[in-house]
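Here, each number is a calculation from the coordinates, and none is a lab measurement. Keep in mind that this is a model prediction, so the values were computed, not measured. Neighbour counts run over all protein chains shown; Cβ positions are idealised from the backbone, glycine included.
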Amino acid sequence: MRIVFLGPPGAGKGTQAVETCESLRIPHISTGNLLREEMAKGSRLGKTAKGYIEKGQLVPDGLVVDIVAKTIKSASFRKGYLLDGFPRNLSQARALDKVQSVAGLPGLDLVVYFDVPDRAVVPRLTGRRVCRKCGMNYHVSRDRETVTGVCGKCGGEIYHRSDDTKETVVNRLRVYHQQTAPLLQHYRRLGLLVSVRAERDIGAVSREVGGVIRRMAGSAAHAAVRRPARVRMALPGKKQARQR
Ligand code: AMP
């Protein structure tokens, strides 16, 4: 299954992506994480990306499309993947179609839109702290890990992302509305878009996302009876559905 998680920064896409990828057993591709890894390595790409990321601007399309293209062409991505934070504008969406078709991969099955108002985004992001090792998110208003500075999941160091400051968050939101939000109409027209109400707590959002994915997986499996080439997907089991 090939899925895109779309929505403003701080909508919870990353948190939900981890759960969805575990359930569907597909890899998670977060362009933000890939760029931050390059920054940590101090590579040329990382140094270029840093300037844009810290201002809350988009990293140039060519650089981001290159990383995604290299990633999804590798063998472990043939079964499917979840893209989180990509595409972020229409030109990236078109580039993704091209990369998939050149690589002989099927197109997207689903785009999940995490609908959350701007007023919820600023406090979510300015109070967010992240584990440097496993990427787990915490919030200063509820998680003691933000006081101890140690990740409860993997023991990694908790840090405050340099682009989670108020000024940069406001800029990221502006960029989202100008450049990324037009993708909603694009994917709606293609019949791929499903919205989830992402302002609620993590558990409620997770149940809704799980339901959307199960319905999509069910109808894709049904369609695959007529189109056998697309049967190659791992469906979330009934057991997982009952656990939610
Ligand atoms: P994220 O972790 O998705 O919030 O992304 C953090 C930052 O990385 C963004 O504000 C951008 O500067 C950059 N970035 C991530 N994904 C993309 C993308 N698809 N296109 C351009 N820049 C991106």
Pseudo-spin-label distance Cys154 to Asp66, built 7 Å along Cα→Cβ, given in nm, is 2.6 nm
Distance in nm between Lys79 and Gln57 label points, each 7 Å along Cα→Cβ, equals 4.0 nm
Looking only at lysines whose Cα falls under 17 Å of Lys133's and that sit 8 or more positions away or on another chain, we get Lys41, Lys153
Between Arg207 and Gln178, the two model label points (7 Å from Cα along the beta-carbon direction) sit apart by a distance in nm of 4.0 nm
Taking every DSSP bridge whose two residues both lie in the chain, the antiparallel percent to the nearest 5 is 25 percent
Length-normalised contact order of the chain, Cα under 8 Å, at least 6 apart, in percent, tallies to 27 percent
Listed with the fewest Cβ neighbours within 10 Å leading, Met39, Met1, Met136 appear as Met39, Met136, Met1
Out of Ala17, Val170, Leu105 - ranked by how far each Cα lies towards the positive end of the dipole of the chain, with unit charges on the beta-carbon of charged residues - the top one is Leu105
Inter-part gap, Cα centre of the stretch 171-204 to Cα centre of the stretch 1-34, in whole angstrom, is 13 Å
Cys residues of the chain with no disulfide-compatible partner (no other Cys Cβ under 4.7 Å) are Cys21
To the nearest 0.05, the calculated FRET efficiency linking Val147 and Ala40 through their beta-carbon distance, R0 being 25 Å, is 0.55
